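The values are calculated or read from the model by the stated rules, or taken from the named source; none is laboratory data. Since the structure is predicted, the reported quantities are computational estimates derived from the model, not experimental observations. Reconstructed Cβ throughout: ideal geometry from the backbone, glycine too, with neighbour counts over all protein chains shown. SASA here: full protein model, heavy atoms, side chains in, ligands and nucleic acids out. Shrake-Rupley method; radii C 1.70, N 1.55, O 1.52, S 1.80 Å.
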Amino acid sequence: LDTGFETELPAFAQAIVAAQYDFVFNDSVVRNQANDDPTASSHGTSVWSLLAAQVPDTLIGIAPGATYLLAKTEDVRSETAVEEDNYVAALEWADSIGVDIVSSSLGYRTFDDGTGYTYAQLNGDVAVTTVGVDLAAQRGILVLTAMGNEGPAAGTLIAPADADSALGIGAEDSTGVVAGVRSRWPMAHGRITA
């Protein structure tokens, strides 16, 4: 689940894509389209390359032989609550096809209209995507999701990383130092993630 994927790049020529769906424009094209921001798919493509790319002597993803479902859920032109609905719809779609693992480098805390989630609401039970991730886990899907880029202060994680059953993923450099902008725990209910 991400901002889109440039599926026609040579790096993905060997990638196995079983299905793809754009929950933003409601079609089966997850690449940039005419009405997209020109950079829309760059984030999703970069994340997917870490998994599926095959460029000899340059980059081999960690799971080039896996079968992928690609879901474009994020509209980079704005930050609105409907993107959480897209995220949950993509989880339901993935479940209907039999997905085992979902990777999502997306998160939600505040929206362009000033609404969003308070720190107290990041308790594992409130955010739309958080509830969706927990329901996916009940169906046997492991969801890996970003902690966020709101750090370095404590308590800066984003939904759905507060889900009880999600694996909240952070970033560190080669020496083990956590990335400066990486969001931090604890969650509002006190649970600590890595």
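General remarks:
- DSSP finds beta bridges in the chain, and of those with both partners inside it, around 30 percent are antiparallel.
- Computed in the context of the full set of protein chains, the accessible area of region 40-116 at 1.4 Å probe radius has 55% of its extent on carbon or sulfur.
- Normalised per residue, the volume of the convex hull around the Cα set of the chain (Å³): 122
- Two-site label geometry, GLN14 and PHE111: point separation in nm, points 7 Å out along Cα→Cβ: 4.3
- Residue separation of ALA81 and ILE97 scaled by 0.36 nm, minus their Cα-Cα distance, works out to 3.2 nm of gained length.
- Net dipole in debye of the chain [+1 Lys, Arg Cβ; -1 Asp, Glu Cβ; about Cα centre; nearest 20]: 480
- Judged by the mean number of other Cβ atoms found within 10 Å, the most tightly packed of the peptides 58-67, 1-10, 79-88 leads the ranking 1-10, 79-88, 58-67.
- Probing with 1.4 Å while keeping every protein chain in the model, the per residue accessible area of the chain equals 49 Å².
- Antiparallel bridge percentage (DSSP; both residues within region 1-86; nearest 5): 30
- Stretch gain in nm, segment ASP125-THR67, where the contour uses 0.36 nm per residue and the Cα spacing is subtracted: 17.8 nm
- Cβ-defined net charge surrounding ASP36, 10 Å radius [Lys, Arg +1; Asp, Glu -1]: 0
- Neighbourhood charge, 15 Å Cβ-Cβ cut-off, centred on GLY140 and excluding it, Lys, Arg +1 and Asp, Glu -1: -3
- Alpha-carbon centroid distance for the pair region 97-146 / region 71-93, whole angstrom: 11
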